[in-house]
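Participant: For reference, the structure I am asking about is given below.
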Amino acid sequence: MAAPGWPVILTDPRTGVVLRPYRRSDARAWSRCRIANEAWLSVWEPTPPSGSWAALNSPSQFRLIYGELKRVSRAGGAMPFAVCLRTAGSRRERFVGQITLGNIVRRAFCSAYAGYWVDARVAGQGVIPTALALAVDHAFVAGGLHRIEVNIRPENLASRRVVEKLGFREESYHAKYLHIDGAWRDHIGYALTTEDVSAEGGLLARWHRIKGLAPNRA
Ligand SMILES: CC(C)(COP(=O)(O)OP(=O)(O)OC[C@H]1O[C@@H](n2cnc3c(N)ncnc32)[C@H](O)[C@@H]1OP(=O)(O)O)[C@@H](O)C(=O)NCCC(=O)NCCS
C-alpha cells in the first residue's frame, strides 16, 4: 500500500524552491555539497559513528542512506526531500539542501518531526522557511498529519528564526535531548498544528504574506 502523500514533488513558483524525493543520481551533488559545508553543518548534526566527514559523506555513503530513506518513506515513516533551487525562466534545478519529515506516527498522534539544512552559499535567502512551509502544508493535507514539531538547540539562532518567522509555537524545553556534535544537548520544542494555519490558507500562504509576495495561483 502507498504511504499517504508520498512520493511527491512540491514547488513554489514564487521563489523557485523545489522539494522532491532523492534520486540515486544525486550522489555526487549531495556529497560535494556536504563536504563543502563540513564546518557549517557538523556542529548541528547528530554525533556520527567513527569515521571522517569525507568518508561519512561520500557518494557511496549516499547510496546506503538513499536505500534506507527509500525503505522508510515507502513504509510511511518519513518524507525525506531533496531541496533544490530552480533558476528563473529555466527548468534547471540545483541541489542545495534537505528537509525531512521523520518519525511519522499516525493513529491518535498524526505527528512528525521536521529536520533541515541548507548549503551555506544560499543561506539567508529564505530557502528553508519556504521549504518547511511547503512540506508542512503537504503533510497537513495529502499526508494526513495534524502536527509538525521542530526541536532546536537554544544556541542555533538561525534555525530558531526559521520557525519563529513561520509562527511555530514554542512549547517545551528538553534537557539533554539529542546527542549532537559530541554531547547531549538541550533543545527547545516548537510545534504547529493544522488549526494554526487552516484559516490562513496554509503555511506557505502565510509565509508569502509575511514576505510581501503575491499568493500562488491554484
Ligand atoms: C538553520 C538554516 C537551515 C536556516 O536556513 P535559511 O534558508 O538560511 O533560513 P533563512 O534564510 O530564513 O535565515 C535564517 C536566519 O539565518 C541568519 N542568516 C541570514 N543570512 C545568513 C547567512 N548568509 N549566513 C548565515 N546565517 C544567515 C539570519 O539570522 C536569518 O534570520 P532573519 O531572517 O531573521 O535575518 C541554515 O542556517 C542551516 O542550514 N544551518 C546549519 C544546519 C542547521 O542548523 N540545521 C538545523 C538544525 S535544527
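Participant: Taking region 193-206 only, how many residues are in contact (Cβ under 8 Å) with a residue 12 or more places away in the chain, open to solvent by less than 30 Å² (accessible area, probe 1.4 Å) and in contact with an Asp or Glu (Cβ under 9 Å, 6 or more places away or on another chain)?
Facilitator: 4
Participant: Can I ask one more? Mind checking whether some residue in region 107-114 is open to solvent by 50 Å² or more (accessible area, probe 1.4 Å), within 13 Å of the ligand (Cβ to nearest atom) and of a type in the set (F, W, Y)? Steps first, please.
Facilitator: Applying the first criterion (open to solvent by 50 Å² or more (accessible area, probe 1.4 Å)) to region 107-114 yields 107-109, 113.
So of that shortlist, the ones also within 13 Å of the ligand (Cβ to nearest atom) come out as 113.
Subset that is of a type in the set (F, W, Y): 113.
There is at least one residue in region 107-114 that is open to solvent by 50 Å² or more (accessible area, probe 1.4 Å), within 13 Å of the ligand (Cβ to nearest atom) and of a type in the set (F, W, Y).
Participant: Look through region 121-130, keep the residues that are more than 6 Å from the ligand (Cβ to nearest atom) and not hydroxyl-bearing (S, T, Y), and return whichever of them is surrounded by the most Cβ atoms within 10 Å (Cβ to Cβ).
Facilitator: Initial filter on region 121-130 (more than 6 Å from the ligand (Cβ to nearest atom)): 121-122, 130.
Remaining after also requiring not hydroxyl-bearing (S, T, Y): 121-122.
Numbers: R121: 11, V122: 15.
Here the residue is V122.
Participant: List every residue pair whose Cβ atoms lie under 7 Å apart, where the two residues are 6 or more positions apart in sequence or sit on different chains, the first residue falls within region 88-113 and is more than 21 Å from G5 (Cα to Cα), and the second residue, located anywhere, is among the small types (G, A, S) and surrounded by 15 or more Cβ atoms within 10 Å (Cβ to Cβ).
Facilitator: What qualifies is A88/G16; F95/A29; F95/A82.
Participant: More than 9 Å from the ligand (Cβ to nearest atom), assigned to a loop (DSSP other than H, G, I, E, B), out of contact with any helix residue (DSSP H, G or I) (no Cβ under 9 Å at 6 or more places or on another chain) and within 25 Å of T15 (Cα to Cα), is that true of A199? Break it down into steps so the answer makes sense when it comes.
Facilitator: Numbers: more than 9 Å from the ligand (Cβ to nearest atom): yes; assigned to a loop (DSSP other than H, G, I, E, B): no; out of contact with any helix residue (DSSP H, G or I) (no Cβ under 9 Å at 6 or more places or on another chain): yes; within 25 Å of T15 (Cα to Cα): yes.
Against the criterion (more than 9 Å from the ligand (Cβ to nearest atom), assigned to a loop (DSSP other than H, G, I, E, B), out of contact with any helix residue (DSSP H, G or I) (no Cβ under 9 Å at 6 or more places or on another chain) and within 25 Å of T15 (Cα to Cα)), A199 does not qualify.
Participant: Given (1) under 25 Å from I148 (Cβ atoms); (2) open to solvent by less than 40 Å² (accessible area, probe 1.4 Å); (3) part of a helix (DSSP H, G or I), where does L101 come up short, assuming only one miss?
Facilitator: Here L101 clears every test but (3).
Participant: Would you mention how many residues in region 131-178 are within 14 Å of the ligand (Cβ to nearest atom), more than 17 Å from the chain's Cα centre (by Cα) and either at positive phi or surrounded by 18 or more Cβ atoms within 10 Å (Cβ to Cβ) (or both)?
Facilitator: The qualifying residues number 0.
Participant: If you don't mind, there's one more thing I want to ask. Just for helices (runs of 4 or more DSSP H) wholly inside region 37-87: which have at least 2 residues that are at pLDDT 95 or above and closer than 20 Å to G102 by Cβ? Break it down into steps so the answer makes sense when it comes.
Facilitator: Working: elements: 38-42, 53-56, 59-74.
In region 37-87, 38-42, 59-74 are the helices (runs of 4 or more DSSP H) which contain 2 or more residues that are at pLDDT 95 or above and closer than 20 Å to G102 by Cβ.
Participant: Identify, from the list R34, R28, the residue that is within 15 Å of the ligand (Cβ to nearest atom), free of Cβ contacts under 8 Å to residues at least 40 places away in the same chain and among the charged types (D, E, K, R).
Facilitator: Values: R28 fails: within 15 Å of the ligand (Cβ to nearest atom).
None of the others qualify; the one that does is R34.
Participant: In addition: Search region 165-187 for residues that are within 15 Å of R147 (Cβ to Cβ) and pair each with any residue that is of a type outside the set (K, R) and open to solvent by 60 Å² or more (accessible area, probe 1.4 Å) when their beta-carbon atoms are under 9 Å apart and the residues are at least 6 apart or on different chains.
Facilitator: L166/I210; G167/I210; E170/E164
The values are calculated or read from the model by the stated rules, or taken from the named source; none is laboratory data. Just so it is clear, the model here is predicted, and its values are computed rather than measured. As a convention, Cβ positions derive from the backbone with ideal geometry for all residues, glycine included, and neighbour counts pool all protein chains shown. For the accessible areas, the whole protein counts, side chains as well, though only heavy atoms, and no ligand, DNA or RNA atoms are used. Shrake-Rupley method; radii C 1.70, N 1.55, O 1.52, S 1.80 Å.
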